[in-house]
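Read the figures in this text as sums done on the coordinates, not as results from a lab. Keep in mind the model is a prediction, meaning the values are calculated, not measured. When we count neighbours, we look across all protein chains shown, and the Cβ atoms used for this are built from the backbone with ideal geometry, even at glycine.
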Amino acid sequence: MSDIDKRNRLSEEPFTYRITKNGTVVIYYKGKQIKFLKDREALRLIERINEVEDNITELQLLLAKITGNFKRSNEKLGKNK
């Protein structure tokens, strides 16, 4: 078993994405927008998505890596409102 995703969180498919008409990519985590990519970053991501499109786990891992460690700084802000 790989050290990546030991708890099988990516098998639940928490990440989704949407490619807009003007070529930007919006990444969502459990339905909430967390990342917005445009220009070169978006083009590179679209190319990588097309490469791993058939493998759902690889796609989820790719989206997770692009978003980084987003839950470490802003998760408490929503709870206090």
Packing-based order for 4-12, 31-39, using average beta carbon neighbours within 10 Å, highest first: 31-39, 4-12
Asp5 versus Asn55: modelled label distance in nm, points set 7 Å from Cα along the beta carbon direction: 1.0
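Against the 2.2 N^0.38 Å scaling, with N counting residues, where does segment 21-66 land? I'd like the Cα-based Rg ratio to two decimal places.
So segment 21-66 has a normalised radius of gyration of 1.10.
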